[in-house]
1. Among Gly13, Thr111, Cys185, whose Cα sits farthest toward the positive end of the charge dipole of the chain (+1 at Cβ of Lys/Arg, -1 at Cβ of Asp/Glu, about the Cα centre)?
2. Amide H neighbours of Phe141 under 5 Å, at least 5 residues apart or on other chains, H built in the peptide plane: list them.
3. What is the order of Leu26, Leu130, fewest Cβ neighbours within 10 Å to most?
4. Grab the beta carbon distance between Ser99 and Ile202, set R0 = 22 Å, and tell me the FRET efficiency rounded to 0.05.
5. What's the local net charge at Val193, with K and R +1, D and E -1, over the other residues with C-beta under 14 Å away?
6. Expected output is a single nm value to one decimal: the length gained when fully extending between Val41 and Met1, i.e. 0.36 nm times separation in residues minus the C-alpha distance. What is it?
7. Based only on Cα atoms, what Rg/Rh ratio does the chain have, Rh being taken as Kirkwood's radius?
8. Of Ala34, Ala151, Ala73, which is the most mobile in a GNM of the chain whose springs link Cα atoms less than 10 angstrom apart?
Amino acid sequence: MGRLADRVVLITGAGRGIGRGSARALAKEGADIAIAEIDPVTTKDAAREVETLGRRAVAMPGDIASREFCEEAVRRTVAELGRLDILIHNAATTAGMKSFEEFTDDEFMRTFDVNAMAAFRLMRAASPHLRASPAGRVINFASAAGTAGNARQFDYAAAKESVRAMTRVAAREFAKDGVTVNTICPFADSEGVRENIDESVIAMMRKSVPLGRLGDCETDIGRAVVFLASDDASFVTSNTLWLDGGGGSTRG
Ligand SMILES: NC(=O)c1ccc[n+]([C@@H]2O[C@H](COP(=O)([O-])OP(=O)(O)OC[C@H]3O[C@@H](n4cnc5c(N)ncnc54)[C@H](O)[C@@H]3O)[C@@H](O)[C@H]2O)c1
């Protein structure tokens, strides 16, 4: 029996990267998993992988920036997997790196919708199911870009720090029903990092990490997601967990 036997997870952005690694780690611990992901091909791949690990999966391709899709994702999770115990908002986007004067309203709002509004909409829609669960859990993803105030990451930093604030408020409001709400700030070797950052910069970043490497999406980040999702973390709430190999200079 795994640590998450028969728990049901809804995770966003699990087509690749940290979300995919987390889905794998959660499935290996016995969770059934609904995947809300914008890329229809990777959504199906990830769902198939969960099934090959012996768990049930629901593939839900769609854009998490939409309120209707957030609500539909929760509805389908419960309809097809019977319950919802663990909500993980991992999907993210950014309009790219530039000075704050260069962002248009539409670019800023798109980043805010995917990263922050989706966290709100998903928690709101999932609330009755999480409160009814014997061990309701919310895990949101934020970033050191926000806590450090990285130049040229205005939209992303603003949205991610909003997620941390929502996490703290929701943690208090969910507490009476035993639902925990935490944020993870990761540093991991994902497709997203490889796509957006040059190898030479990644090498420099690696050197700045005391443990000397970027995290592995499954074994370093996914396993910590399993911990937060499990009964072992029932007294952990309103926290930010830094999964960054000790790169503490960027913590807020
Ligand atoms: N990798 C890191 O070092 C790092 C550092 C700081 C924060 N983070 C955060 O960790 C999380 C995972 O990061 P990652 O590096 O694995 O990212 P990634 O880019 O590799 O994967 C993100 C996934 O989200 C999906 N997605 C994007 N927009 C979506 C939308 N509108 N609707 C549904 N799905 C959508 C993508 O298709 C992709 O599968 C993100 O929240 C990211 O901001 C990662």
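1. The residue sitting farthest along the positive end of the dipole is Cys185.
2. Distant-sequence amide H within range of Phe141: His89, Ile184.
3. With the fewest neighbours first, Leu26, Leu130 line up as Leu130, Leu26.
4. 0.45
5. Charge balance near Val193 sits at -3.
6. Full extension of this stretch gives 11.3 nm more.
7. We get a ratio of 0.94 for the chain.
8. Maximum fluctuation in the GNM of the chain, among the listed residues, is at Ala151.
Bear in mind that the values in this text are calculations on the coordinates, not laboratory data. The shown structure was predicted, so the numbers you read here are calculated from the model rather than taken from an experiment. Glycine gets a Cβ as well: all are built from the backbone with ideal geometry, and neighbour counts include every protein chain shown.
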